[in-house]
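Here the structure is laid out as structure tokens; the discussion comes afterwards.
The values are calculated or read from the model by the stated rules, or taken from the named source; none is laboratory data. Quantities reported herein were computed from a predicted structural model and do not represent experimental measurements. Note that each Cβ is placed from the backbone with ideal geometry, even for glycine, and that neighbours are counted across all protein chains shown.
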Amino acid sequence: MKPLVSVVVPIYNAEEYIAECLDSILGQSYRDLEIVCVDDGSKDHSRDIICGYAKKDSRIKLLKQERKFAGVARNRGIEASKGKYIIFLDADDFFDIQLIEKMVERAEHTDADIVICNSQGYDEDKGKIYALKGALNKEVVPSKDFFSRREIPDFIFQLTAGWPWDKLYRLDFVRRKGLYFQDTRAANDELFVDTAFAEAGRIAVVHDVLVTHRTTVMNSIEHTRYRWWKCGFDMLHAEESALKMRGLFQQTEKSFLNRAAEYIVWNLYEMCSTDYFHEFYRYVKSEGIPGLGLSAYPENFYYDKIVFDKIQKVMHLTEEEYLVKHISELNRCIESLSNLIERKRWYFPEGIFPNGARLVVYGYGEVGRDFCLQILNSGRFHLVAVVDKNYKEIADKAVKIGPVEEIYSLEFDLIFIAILDKLIAGKIREALLSEGIAPDKIVWYDINKGNTN
């Protein structure tokens, strides 16, 4: 007999999307579901639409509450759920037909407390699918059937962003560990997600993209998050306290503090109101960074040098000084973008490589930069390294560039020579062969003619 899965959907003024959401849940290939819809005081016709669906399908249950925000709605869903597993889906997202089937199959096979799937973004304004920042971070997932924080203590909170909708949880694990969502207006999910990651005995992964997260929805909390920035610090302090109380902070400290620093820097970039920025900057400088102790850690503690630099700038610069430097950085970015638009773009030939191939890119000129960006965004390959003979002269914040000699100590499937000139590419190939690299591991693609050598 298949286990029952509880699908919890918090809903607030989602009449434009709720039908598509429910259709994608009811149409799941896995049928043993209960769909617990929690209406968070909607003022539109969301509730009427759900009632109409409930009359046609008895698996739908509707709970009602006054406006208390999504965290409280999800907690009510946990209380009302009866399944072996629980998953939290958002009303404005949509889902692959095999989402729950694949997640449950993985959970049953591994006896996992949590199963994570991959996800993608959908730009509501442009009508386009795109790679979602914060989706499953394959770079930190161990190569085994299941794992826990013990295998990746320094990266456990870098597995995904702190959202709940790409994860299936064992319900008795959630209740036994006393996991709950915060009642804040925004950032109410990360405490639940991160505490679960830290507590889980087994975490498993489904690498397929099974959730499409809709962005740029005008009335969503995500779209107006900058107004509720203080909720993020309530979350960080609550998470720090929870980890310490559970005896998990010492092991996960580096992962947590890097996540916290990234959150602060992300807000610095996302703050789109002068008044809110002024309020945020003053708080971060006087309480936020000092309260978390972030400025005391050296550069090598941080995973991202940009994050370290921003934290240091906030602590050492006035708001006016910071903004002057920030505008200068933006101008440089705009100039670089203009140069990129003006020049020809080079397209990586994805079709000639197998999925999952471990690639080394040799050369980081215009071709190499374009190729690396496409490789990273595709999610199909593992970019092992990027090398260039002039690596010391190349400054790129997105990709680490190493010396050519690095190749000889790496494990990879293919070296891709990202050079336009055939003669130069041939000399590079000869040099690699002379160092013992097998000829079938070296690829050069003639972009102009569309064939490999």
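The sole residue among 44, 32 that is closer than 26 Å to residue 108 by Cβ and surrounded by fewer than 19 Cβ atoms within 10 Å (Cβ to Cβ) is 32. Can you find a residue in region 271-292 that is crowded, with 17+ Cβ neighbours inside 10 Å, closer than 18 Å to residue 239 by Cα and among the hydroxyl-bearing types (Ser, Thr, Tyr)? No, region 271-292 has no match at all.
Restricting attention to region 66-79, the residues that are touching a strand residue (DSSP E or B) at 6+ places or on another chain (Cβ under 6 Å), in contact (Cβ under 8 Å) with a residue 60 or more places away in the chain and more than 12 Å from residue 41 (Cα to Cα) total 2. Among the residues of region 99-119, none is identified as closer than 22 Å to residue 215 by Cα and either outside the structural domain of residue 19 (by TED's automatic domain parsing) or surrounded by fewer than 17 Cβ atoms within 10 Å (Cβ to Cβ) (or both).
So which of 58, 24 ends up being over 21 Å from residue 171 (Cα atoms) and outside any helix (DSSP H, G or I)? Explain how you work it out, then say what you get.
Details: 24 fails: outside any helix (DSSP H, G or I).
That would be 58, the only listed residue that is over 21 Å from residue 171 (Cα atoms) and outside any helix (DSSP H, G or I).
Identify the residue in region 414-427 that is in a loop (DSSP other than H, G, I, E, B) and among the aliphatic types (A, V, I, L, M) and, among all such residues, is surrounded by the fewest Cβ atoms within 10 Å (Cβ to Cβ). Per the stated criteria, the residue is 420.
Taking helices (runs of 4 or more DSSP H) that fall entirely within region 244-323, which contain at least 1 residues that are under 25 Å from residue 153 (Cβ atoms), within 20 Å of the chain's Cα centre (by Cα) and in contact (Cβ under 8 Å) with a residue 40 or more places away in the chain? I'd like the intermediate steps shown before the answer.
Values: elements: 249-270, 274-283, 289-292, 305-316.
The qualifying helices (runs of 4 or more DSSP H) are 249-270, 305-316.
Take the residues of region 148-187 that are in a helix (DSSP H, G or I) and closer than 22 Å to residue 263 by Cβ: which is farthest from the chain's Cα centre (by Cα)?
Of region 148-187, the ones in a helix (DSSP H, G or I) are 156-158, 171-176.
Then keep just the ones that are closer than 22 Å to residue 263 by Cβ; that gives 156-158.
Values: 156: 13, 157: 10, 158: 8 Å.
My answer is 156.
Put simply, of 411, 430, 393 the only residue that is under 19 Å from residue 358 (Cβ atoms), surrounded by fewer than 17 Cβ atoms within 10 Å (Cβ to Cβ) and either free of Cβ contacts under 8 Å to residues at least 12 places away in the same chain or of a type outside the set (Gly, Ala, Ser) (or both) is 411.
For every residue, the table says whether it meets (1) free of Cβ contacts under 8 Å to residues at least 12 places away in the same chain; (2) small (Gly, Ala, Ser); (3) in contact with a strand residue (DSSP E or B) (Cβ under 9 Å, 6 or more places away or on another chain).
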site	(1), (2), (3)
52	yes, yes, no
64	no, no, yes
93	no, no, yes
110	no, no, yes
115	no, no, yes
118	no, no, yes
129	no, no, yes
149	no, no, yes
161	no, yes, no
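Only one of these is at pLDDT 95 or above and over 17 Å from the mean Cα position of the chain (by Cα): 190, 199, 124. Name it. Spell out the reasoning first.
Numbers: 190 fails: over 17 Å from the mean Cα position of the chain (by Cα); 124 fails: at pLDDT 95 or above.
The conditions single out 199.
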